[in-house]
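Below is one structure, written out as structure tokens; the observations come after it.
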Amino acid sequence: MFSNIGWGEMMILLVAALVILGPERLPGAVRWTVDSLRQVRDYASGATTQLKQELGPEFDDLRKPLAQLNELRAMSPRAAVTKHLLGGDDSVLRDLESAVPDKQQLFGTSSGMPEMLAKPSLQKPLDRNERPPIDFDAT
């Protein structure tokens, strides 16, 4: 529940609670909050248990699509292609990766950019009424 809150944020909340509530009421407020969260968790687990008892085996049928959806959310594009298109065999992708040269070999720079883009070129400005060169690959 609080997985997105770091220690810094927790300290800020604690200091704010100390300022707002004061040192006398802060322990009671913390105790009330912990008890409320525990009670909500108990209600949720009780509702899940009751739903399992009432639905019986149909409850698992409801959970299967949700489990599949969570499995798909956790997949990377590579894992999805490997599982659904290649039947779990990623040897084709590994062979393809070994056949493709590294960026540094391909472009000759450590930044991965072509040398002509890494260094600004010193071209003369265009004369009046002169058309710029056309890059057929870009159009």
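If I filter the range 57-79 for residues that are surrounded by 10 or more Cβ atoms within 10 Å (Cβ to Cβ), within 30 Å of Leu13 (Cα to Cα) and among the basic types (Lys, Arg), do I get at least one hit? Within the range 57-79, none of the residues are surrounded by 10 or more Cβ atoms within 10 Å (Cβ to Cβ), within 30 Å of Leu13 (Cα to Cα) and among the basic types (Lys, Arg).
At pLDDT 65 or above and surrounded by 10 or more Cβ atoms within 10 Å (Cβ to Cβ): is that true of Leu96 in this structure?
Criteria met by Leu96.
Does Leu106 satisfy the condition of being assigned to a helix (DSSP H, G or I) and modelled with pLDDT under 85? Yes. Consider the range 72-86. How many of its residues are over 13 Å from the mean Cα position of the chain (by Cα) and part of a loop (DSSP other than H, G, I, E, B)? Within the range 72-86, residues that are over 13 Å from the mean Cα position of the chain (by Cα) and part of a loop (DSSP other than H, G, I, E, B) number 2. Any residue that is surrounded by 11 or more Cβ atoms within 10 Å (Cβ to Cβ) and either within 32 Å of the chain's Cα centre (by Cα) or in contact (Cβ under 8 Å) with a residue 24 or more places away in the chain (or both) - is there at least one of those in the range 20-32? Checked against the condition, which is being surrounded by 11 or more Cβ atoms within 10 Å (Cβ to Cβ) and either within 32 Å of the chain's Cα centre (by Cα) or in contact (Cβ under 8 Å) with a residue 24 or more places away in the chain (or both), the range 20-32 yields no hits at all. Close contacts from the range 88-114, counting a first residue that is closer than 27 Å to Met75 by Cα and among the acidic types (Asp, Glu) and a second that is part of a loop (DSSP other than H, G, I, E, B) and at pLDDT 80 or above, with Cβ to Cβ under 8 Å and a gap of 6+ residues or different chains, come to none at all.
The values are calculated or read from the model by the stated rules, or taken from the named source; none is laboratory data. Note that the coordinates shown come from a computational prediction; the quantities given were computed from them, not determined experimentally. Please note: Cβ atoms are built from the backbone with ideal geometry, for glycine as well, and neighbour counts cover all protein chains shown.
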